[in-house]
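Notes for the one structure printed next.
The values are calculated or read from the model by the stated rules, or taken from the named source; none is laboratory data. Nothing here was measured: the structure is a model prediction, and the numbers come from that model. Neighbour counts run over all protein chains shown; Cβ positions are idealised from the backbone, glycine included.
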Protein chains: 4
Amino acid sequence: MRELGIGLIGTGFMGRAHALAFNNAKAVFDLPFNLTLAALADADPQRALQCASSWGFETVHSDWQQLIDDPKVHLVAITTPNHLHYPMAMAALAAGKAVYCEKPLAVSLEQAEQMRQAAKAAGVVTRVGYNYQHNPIIHLAREMIQRGELGRIISFQGEFSEDFMADPTSPWSWRCEAAHAGGALADLGSHLLAMARYLLGDVEAVCADSQTVHNQRPASTGNPEQRTIAVDDQVHALLRFSSGARGTVSSSWLKHGRKNHLGFEISGTLGTLIFDQERLNELQVSRVGQAGFQRLLAGPDLPGYAAFSPAAGHQLGYNELKTLEVQELIMTLADQGGSGTDFEEAWEVERLAAAIRLSAREQRWVQVCGL
Amino acid sequence: MRELGIGLIGTGFMGRAHALAFNNAKAVFDLPFNLTLAALADADPQRALQCASSWGFETVHSDWQQLIDDPKVHLVAITTPNHLHYPMAMAALAAGKAVYCEKPLAVSLEQAEQMRQAAKAAGVVTRVGYNYQHNPIIHLAREMIQRGELGRIISFQGEFSEDFMADPTSPWSWRCEAAHAGGALADLGSHLLAMARYLLGDVEAVCADSQTVHNQRPASTGNPEQRTIAVDDQVHALLRFSSGARGTVSSSWLKHGRKNHLGFEISGTLGTLIFDQERLNELQVSRVGQAGFQRLLAGPDLPGYAAFSPAAGHQLGYNELKTLEVQELIMTLADQGGSGTDFEEAWEVERLAAAIRLSAREQRWVQVCGL
Amino acid sequence: MRELGIGLIGTGFMGRAHALAFNNAKAVFDLPFNLTLAALADADPQRALQCASSWGFETVHSDWQQLIDDPKVHLVAITTPNHLHYPMAMAALAAGKAVYCEKPLAVSLEQAEQMRQAAKAAGVVTRVGYNYQHNPIIHLAREMIQRGELGRIISFQGEFSEDFMADPTSPWSWRCEAAHAGGALADLGSHLLAMARYLLGDVEAVCADSQTVHNQRPASTGNPEQRTIAVDDQVHALLRFSSGARGTVSSSWLKHGRKNHLGFEISGTLGTLIFDQERLNELQVSRVGQAGFQRLLAGPDLPGYAAFSPAAGHQLGYNELKTLEVQELIMTLADQGGSGTDFEEAWEVERLAAAIRLSAREQRWVQVCGL
Amino acid sequence: MRELGIGLIGTGFMGRAHALAFNNAKAVFDLPFNLTLAALADADPQRALQCASSWGFETVHSDWQQLIDDPKVHLVAITTPNHLHYPMAMAALAAGKAVYCEKPLAVSLEQAEQMRQAAKAAGVVTRVGYNYQHNPIIHLAREMIQRGELGRIISFQGEFSEDFMADPTSPWSWRCEAAHAGGALADLGSHLLAMARYLLGDVEAVCADSQTVHNQRPASTGNPEQRTIAVDDQVHALLRFSSGARGTVSSSWLKHGRKNHLGFEISGTLGTLIFDQERLNELQVSRVGQAGFQRLLAGPDLPGYAAFSPAAGHQLGYNELKTLEVQELIMTLADQGGSGTDFEEAWEVERLAAAIRLSAREQRWVQVCGL
């Protein structure tokens, strides 16, 4: 069996999530590779060593370029701050390595465009971590749509709201800088846009409105110095899909009571679907002639679910979506199918977000394909 | 005590709803008038007599002008098809009578404008039946907003969806004609626009997208002849409120599983409110620092509720919202307060809908006050 | 058409609810009688006059016996405090009048037994106000059960909880006296027992446990004097139905957050039903092979609902259940069907409650039919 | 740092769940041991090798006694069929090893009693896998109760229902044999009893009713031969807690639509809690004076949650409850706290279940401590 050596850059929350996911994919699935956690990179060598020991990595590097160059590394996983995605992914592609990069692909559409071109030129497998798509019940939703169970899809109403910036004294962070892909649209909304595309395909045109509600925040917690904030706190947009469906998307990080509300409602000529990431194991469905919605609970009839539990109602969590993402990536690496967002598709998400930003700035409809 | 004679035009579902509401208001509230159901008009004299007997009206007229001229009638209630609102209301105003007209005010903005001017000139009390506003829990929502309990309001996301036209073989009806104020926006959406204005005030600008999904329908049930449909099946719009709040509204009569889903979510800097007309006795609230939403059940601490039940959880229904509308109208007639939508405000709702239609047609932002 | 003169005793909340229901039944249904609100009785003649005027009664009596004797009264409706049900109903039966008595039938099983015998002897129509049964969606639940859609019923788990006595400083009232049919079981639980019998039939045996949690309460609001309380604050019981189904019932008036939670869950070999009076227009259903519950919203396909609204999702309220109760009573009076709890059935409810009390006292299973 | 060698017996779903949990605990927590997956035992040596490779175990044994005797094994984890818990745990205790046994402790109260005595004599740490207790939101519920936030607890109403045996043609399995701890009470209800004890403490007396609804099932899928079934399909019981609280528990594996409905409602003099394992990241709370329930979503303010996710709403799943169980067990092994069900407590659960069975058989109240 072929070797697949994983090289992971970054040891924050998301680095650990990747480490867990690779370990668990190995334990849970019959993988078409001999998977090894080959190398871990962190600028702090002490931290790298400690995490490598806890997470099961064989070697550490304090220089990420060395990890990329390490011959035992076949897949480079990037979990560093957003502005580092570009140099690291470009270096990995230059080295001919497969790349698994956290979302967003990049901090500007220009970078994203270069990364997409480089990926195409390198001819390697790429993947961006839009993990919410790997939920078995989202796969089910997509299949229902593609099999025509909901008829012709006529509308998508989506929202991704949280409240972690709702307090105006929550301090400035990198998330407040456009140059780091900050703002509600980039940070949260991109997940929603990726989901909308995953389920309904291309978006042709958008018209958006966005707002910075709190345009000053403390430079740090309790700091009397204020920094000016220019990124969006909330955005609302109209969407026209190429399929003819219409819809709205909204994103906010100021919405009290919402914690991870990536929700959508899809209306077709034969039925309606409702989903909310805060209850990720459930899908509400109404079909022709039904007087209300039925709550479907995820169970082992859904392939990804069965890998984790033999019985419905036992609940997958956030980390299992990540494991499923990793499994699908590995299947793609083995040329055995596997779905997920590659650099081409992630660029499409970035382009759609850019169109929304342009539309909001110029207060007019914008054709997405013109960008 | 002064006499208040009610003259009701129309004996359909909505006519009966008015009759029930006047009778129940009399039984439930201490009214500042001696209320009498003075006269009922229907073109069919037999039906008029029969309904008058069941509903407690003293006289009948088969000619609505006679009802308006009847000296025992002080308030003219209009529940006829939409295109008759204009001539009847204009005649009643000309006769110096107070007018209580079902929504929509009129079938064109031009008519609405004339009615508003005529009402102003007549100096009488007018009211349009946006009954969902008279829900005690909606009053509570409005008070919470006005008292600043939710902080500065930053977004309104509203939807009014039903599924009664979802079946493409549902036949043509007057609801499919723009000239009768048909289409999802006029028929359903206007309730939502009225609600948005009731809660958040003026809307400055809109950008909308609308769609006729089924552009042919049978001329009547089972009829092979098809009629072309031009009105909207669904509409989505962005809103900019004068207060600075932003938002979206959607309306559809094709949404399977939705029966009376007049829902909204209001986000403020200190809290969030969620409401759904399908559960009209409940309000979901989240405030600063709460890890989720609290479900408030209407109870006798809300004035309108207390009139009907001494205990929470006993549920008001649709007809009681109508009774509360009537009671508020009567208080206004007695110059003792009472809220509700007068012709001026109903014209604002029509103007907002017209702006949405224009925006959808021209695919651009439209300033509402320019219309 | 025959005359049906209503004589109503009592002008409290429940008296008004009856008045509304008779008026609305007249307006909403084609009744087989010429219905008149013939007479209203209240010990306070001023109040009687005032209510009669608001509610549309033709005459008043300050002596209830006179109302019973009034030849214009054919049906005597009793809405006075519980301990007066017995003398009033017995007098009405002695006069050969039909009787519509609020729940509970009586304040002791002995009284209930006499009332049942007297009703039998008089051969008149009797009815007790278990209004929650007259919900169209409850009728649907019963039909689903009787048509076998849920298969063989194997369990009933019911609860009626509120929180209006949860505050230990809520003062003593008649509800705290067994001699006035006080206590959580008699006040709330009896509705649940009536519902269980309505849906599943006879109960063979019970085993119960009950508790007085707050055994002292202020004699009146803010009064330092304490009164000893002996009635149950909460009760839990096991039930064995004659059909073979088993189950539990619980009742409490101390349950914070519950306002009118008359809820049940019925399990059959082919499906499960869930209902909660706090959302009285909904029924949750799961059938063989479904991965979760479907929410059914009441709509005009349910006969009682269609009388009030032409569209689903418009919501019936508490008062409409009362109107439906009155309509069914009137159909029974006309010998045209109509369901509801007569004195015989109400006695069964009382006997079941008595068995629960005995079982709780003696901490053993009790056969219901032995009492 | 001390070594902690894990020896795992069993490679089924639960064996894998343990393997995942040990691996993830190592990655997620700072553990006070150098944790190694020392040995895996399965009667099939091929399967043992394959699983050991996927799951990261160092050695395999095809004889479980050898695993127990392996000096590298300090903790023996038992995930074999129920009737093997007794011999394996007794052997491990005899060898002075710590034991982590899946629920139920044993297949008879006699075995359980011996295991409890042996554990006491051995003086080692023992743990039984009642994993649902390790949910951070359940910890929160317990703390709320213990801090008195709900006042004096007066009732517990619990249910554990699924539908995996609802189909009468679901074949016989070991779950249908009392000798293998089969039946709804032992299989599902024991989780509920453990939860009730975890939250409210000792139960003094019970009165129960149980039923075998389908007393024949096919010997295997599609097999025309029928086997007689004697275990309970559903059970309902009244509970009297030593604290004075009262309640009910129900368990069924025939309830259509219920997938993992371990639910409870706890009522105290100052508030009410509602929980459902099908939405394991949520708790509904109502406190004095609130007009309804608040939905709390688990978040990083709860210690166990923070280990997995930095943000609320990201959802823990079933497998993470197992990881938390393992982490708490390891803390106990290090004498650093850690909660969980030891053999003494698991015996209490078995005794309570035995009391319920006796009560159902003899149709009378049974004192638990007499058994």
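Residues considered: D:A298, D:A291. Of these, the only one that is small (G, A, S) and surrounded by fewer than 23 Cβ atoms within 10 Å (Cβ to Cβ) is D:A291. Need the failing condition index for D:A311 against (1) in contact with a Lys or Arg (Cβ under 8 Å, 6 or more places away or on another chain); (2) at pLDDT below 95; (3) within 14 Å of chain C (Cβ to nearest Cβ), just the number. All conditions pass for D:A311, except number (3). Just one of (1) in contact with a Leu (Cβ under 8 Å, 6 or more places away or on another chain); (2) more than 20 Å from A:A194 (Cβ to Cβ); (3) surrounded by fewer than 18 Cβ atoms within 10 Å (Cβ to Cβ) fails for A:K72. It is (1).
So which of B:K97, B:K72, B:K103 is of a type in the set (K, R), more than 14 Å from chain C (Cβ to nearest Cβ) and farther than 30 Å from C:A52 by Cα? Talk me through it step by step, then tell me what you get.
Values: B:K97 fails: farther than 30 Å from C:A52 by Cα; B:K72 fails: farther than 30 Å from C:A52 by Cα.
The match here is B:K103.
Is it the case that some residue within region C:302-325 is crowded, with 24+ Cβ neighbours inside 10 Å, out of contact with any Gly (no Cβ under 6 Å at 6 or more places or on another chain) and of a type in the set (V, I, T)? Scanning region C:302-325 turns up at least one residue that is crowded, with 24+ Cβ neighbours inside 10 Å, out of contact with any Gly (no Cβ under 6 Å at 6 or more places or on another chain) and of a type in the set (V, I, T). Inspection of region A:204-224 finds no residue satisfying the criterion of being touching a Gly at 6+ places or on another chain (Cβ under 6 Å) and under 19 Å from B:T269 (Cβ atoms).
Name the single residue that is surrounded by the most Cβ atoms within 10 Å (Cβ to Cβ) among those in region D:277-288 being of a type outside the set (V, I, T) and touching a His at 6+ places or on another chain (Cβ under 8 Å).
Start the filter on region D:277-288 by keeping residues that are of a type outside the set (V, I, T), which leaves D:277-284, D:286-287.
Narrowing further to those that are touching a His at 6+ places or on another chain (Cβ under 8 Å): D:277-278, D:286-287.
Numbers: D:Q277: 23, D:E278: 22, D:S286: 26, D:R287: 18.
The qualifying residue surrounded by the most Cβ atoms within 10 Å (Cβ to Cβ) is D:S286.
Scanning region C:16-32 for residues that are more than 20 Å from C:P303 (Cα to Cα) and touching a Leu at 6+ places or on another chain (Cβ under 6 Å) yields a single hit, C:H18. With respect to being among the hydrophobic types (A, V, I, L, M, F, W, C), free of Cβ contacts under 8 Å to residues at least 60 places away in the same chain and within 29 Å of B:A312 (Cβ to Cβ), C:F308 falls outside the description.
In region B:259-371, counting only helices (runs of 4 or more DSSP H) that sit wholly within it, the ones holding 2 or more residues that are within 21 Å of B:L200 (Cα to Cα) span B:318-333, B:343-362. Restricting the first member to region C:269-289 and to residues that are more than 8 Å from every other protein chain (Cβ to nearest Cβ), and the second to residues that are among the β-branched types (V, I, T) and in a loop (DSSP other than H, G, I, E, B), no beta-carbon pair is closer than 7 Å while six or more apart or on different chains.
Looking at the structure I just gave you, is B:L333 at pLDDT 95 or above, surrounded by fewer than 23 Cβ atoms within 10 Å (Cβ to Cβ) and over 22 Å from the mean Cα position of the chain (by Cα)?
It is false that B:L333 is at pLDDT 95 or above, surrounded by fewer than 23 Cβ atoms within 10 Å (Cβ to Cβ) and over 22 Å from the mean Cα position of the chain (by Cα).
The condition of being surrounded by 18 or more Cβ atoms within 10 Å (Cβ to Cβ), of a type in the set (G, A, S) and away from every other protein chain (no Cβ under 14 Å) holds for only one of C:A166, C:A112, C:A179, that being C:A112. Quick check: is even one residue across region D:317-331 under 30 Å from C:I266 (Cα atoms) and within 14 Å of chain C (Cβ to nearest Cβ)? So far as region D:317-331 goes, no, none of its residues is under 30 Å from C:I266 (Cα atoms) and within 14 Å of chain C (Cβ to nearest Cβ). Examine region B:232-241 for a residue that is surrounded by fewer than 19 Cβ atoms within 10 Å (Cβ to Cβ), more than 7 Å from chain A (Cβ to nearest Cβ) and within 30 Å of B:C369 (Cβ to Cβ), and state whether such a residue exists. The answer is no, given that none of the residues of region B:232-241 is surrounded by fewer than 19 Cβ atoms within 10 Å (Cβ to Cβ), more than 7 Å from chain A (Cβ to nearest Cβ) and within 30 Å of B:C369 (Cβ to Cβ).
Consider A:G158 carefully, then state whether it is under 19 Å from A:I356 (Cα atoms) and in a loop (DSSP other than H, G, I, E, B). It is false that A:G158 is under 19 Å from A:I356 (Cα atoms) and in a loop (DSSP other than H, G, I, E, B).
Of A:M115, A:M90, all but one fail to be under 18 Å from the mean Cα position of the chain (by Cα) and either within 24 Å of A:Q327 (Cβ to Cβ) or of a type outside the set (V, I, T) (or both); the exception is A:M115. The residue list B:I229, B:I274 contains one member that is surrounded by fewer than 23 Cβ atoms within 10 Å (Cβ to Cβ), within 24 Å of the chain's Cα centre (by Cα), assigned by the TED database to the domain that holds B:L192 and of a type in the set (V, I, T), which is B:I274.
Scanning region C:336-364 for residues that are surrounded by fewer than 23 Cβ atoms within 10 Å (Cβ to Cβ) and closer than 26 Å to C:E282 by Cβ gives C:G338, C:S339. Residues that are charged (D, E, K, R), in contact with a strand residue (DSSP E or B) (Cβ under 8 Å, 6 or more places away or on another chain) and within 14 Å of chain A (Cβ to nearest Cβ) do not occur anywhere in region B:343-363.
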